[in-house]
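We did not get these values from a lab; they are worked out from the coordinates using the rules stated. It should be emphasised that the depicted structure is a prediction, and the values quoted were computed from it without experimental measurement. Every residue, glycine as well, gets a Cβ built from its backbone with ideal geometry; the counts of neighbours run over all protein chains shown.
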Amino acid sequence: MSRPARSASKPSGARPRGSKNALPRKVPLRYQSFELEALKGLEAVAEAELREVPNVRGGGPLASGGVRFQFAPDPLAGAGWERLSRLRGAVAVYRVETWDVPRPKALLGHQVLGEVLDYLRGVARAGGHTSFRLSAAGKDSETFTRLQGEIETQLELPHHPEEGELLIRVRPSEATVSGTSEGWEVLARITPRPLSARQWRACNMSGGLNATIAYAMHRLSGVRERDRIFNPMCGSGTLLIERSLLGPQDALVGVDLSLEALACSRTNIAAARRQIEVAQVDALHTGLPDRSFDLVVADLPWGDAVGSHGGNAELYPQFLQEMDRLTARNGRLCILTHELKLFERVMAGQSRWRARELFQVYSGGHYPKCYLLSK
């Protein structure tokens, strides 16, 4: 059978309009300004994760401690800022706009105020915020009281001074602070809650570990698919869940003596839709076979909300001994502690482990350190 002749009006290989196989048109990326907020001590971890996000450019630390960067949502995927809302090493991400005005009162001018309100309205719609609050030096002044009223009326968002979801920060621009020009910035948090407040956290416990710190512990101690991972004194399950979300591993096991803690961890594990094994076991006498694990991660008692200083003096050396037995010949032990002097004394009195400091972070009024121990 002879083949039908090709149409002279359509070149070979051309795709008709509307075809599923049609090549997508190139749409120019539209970059917007953002600022990343990190825990003090974990800025490098947060910035390293940010570099893995497509369509991010620029960036660098600011005098305020944040990281300013440019991001362009994928115009074809229609994902908006959703990718930024999934960052796990950051505390929060803010959309940033700057107005070339000499003082905050000028933000209330008719044209500028309309621009400010349109900008905030867009952030609120994208993030699903249902309330707002202001953070600014002199926020109780007449200027900020008026701005607050305009936002409440025009955006139809209630003002909650302590728990408002749309956190709005107003401050002089970096250029104003350095004296090179004038301007004021308005930053709006893109998510109703901080990124560190995980969606999976359905249960909290006193002294529970910040999930952002748990993420940093795993990133810096090494994420390996063949790792058999053990989390003694697992508490609410934060270290277990954060590692599970980072990718596959050969085994992931948590233990705790407290039935209350195990119930809390199981609640969070279910909320995170993870399959993680937890059991009631004494971390100092596990009864598990020698060399069962490649990596042990632990948030040891700090002696305030959990444990006591006297009890920790006995616990720490016993803990190191049991973890030495449980880890493989090339095993790693990642520890977070605020008992810094005690930890240094215990390390000086043993010869099995070598410690390297990974970071010191500000958390809840404390400055704990994280160490990676190797044999």
Against the longest alpha carbon principal axis of the chain, how many degrees, from 0 to 90 and to the nearest 10, is the axis of helix 110-127 turned? 50
Share of antiparallel DSSP beta bridges in segment 211-374, in percent to the nearest 5? 45
Could you work out how far helix 309-326 tilts from the main Cα principal axis of the chain, as a 0 to 90 degree angle to the nearest 10? 90
Determine the shape class of segment 264-366: with a ≥ b ≥ c the square roots of the Cα gyration tensor eigenvalues, call it rounded for a/c under 1.5, and otherwise prolate if a/b is greater than b/c, oblate otherwise. oblate
If pairing requires two Cys Cβ atoms under 4.7 Å apart, which cysteines of the chain are left without a partner? Cys234, Cys334, Cys370
Can you give the Kirkwood hydrodynamic radius for segment 79-127, in Å, rounded to one decimal and based on Cα pairs? 12.7
Exposure proxy ranking, count of Cβ atoms within 10 Å, fewest first, for Tyr119, Tyr215, Tyr94: Tyr119, Tyr94, Tyr215
Within the chain, pairs of Lys residues whose Cα atoms are less than 19 angstrom apart, provided they are eight or more positions apart or on distinct chains, add up to 4
Of the residues Gln148, Leu252, Gln199, the Cα lying farthest along the dipole of segment 120-275 towards its positive end, which is defined by charges on the beta carbon of Lys, Arg, Asp and Glu, belongs to Leu252
For the chain, what's the radius of gyration and Dmax over Cα atoms, in angstrom? 26.0, 93
At what distance in angstrom do the alpha carbon centres of segment 125-198 and segment 340-366 lie from each other? 39
Calculated from backbone phi, Karplus (6.51, -1.76, 1.60) coupling profile of segment 356-361 in Hz, x at Gly/Pro: 10, 6, 8, 6, 10, 10
If you take every DSSP beta bridge whose two residues both sit in the chain, what share of them, in percent to the nearest 5, is antiparallel? 60
Dividing the convex hull volume of the alpha carbon atoms of segment 114-195 by its residue count, what do you get in Å³ per residue? 103
Computed ³J(HN,Hα) along segment 46-59: with the Karplus parameters 6.51/-1.76/1.60, θ = phi - 60°, integer Hz and x for glycine or proline, the list is 5, 5, 5, 5, 4, 5, 7, 7, x, 6, 9, 9, x, x
Rounding to the nearest 10 and keeping the result within 0 to 90°, find how far the Cα-based axis of helix 211-221 lies from the longest principal axis of the chain. 70
Based on a Kirkwood Rh over C-alpha pairs, give the Stokes-Einstein translational diffusion coefficient of segment 32-189 at 25 °C and viscosity 0.890 mPa s in µm²/s. 150
Between beta-carbons, use under 13 Å as the cut-off and find the net charge around Leu117, counting Lys and Arg +1, Asp and Glu -1. -3
Rg/Rh over Cα atoms for segment 184-294, Kirkwood Rh, comes to 1.03
Run the dipole for the chain about the Cα centre, Lys and Arg Cβ at +1, Asp and Glu Cβ at -1, nothing else charged, and hand back the magnitude in debye, nearest 20. 2120
Dipole in debye (nearest 20) - segment 32-189, about Cα centre, beta carbon charges: Lys, Arg +1; Asp, Glu -1: 180
Other residues with Cβ under 14 Å from the Cβ of Arg356 give, with Lys and Arg +1 and Asp and Glu -1, a net charge of +2
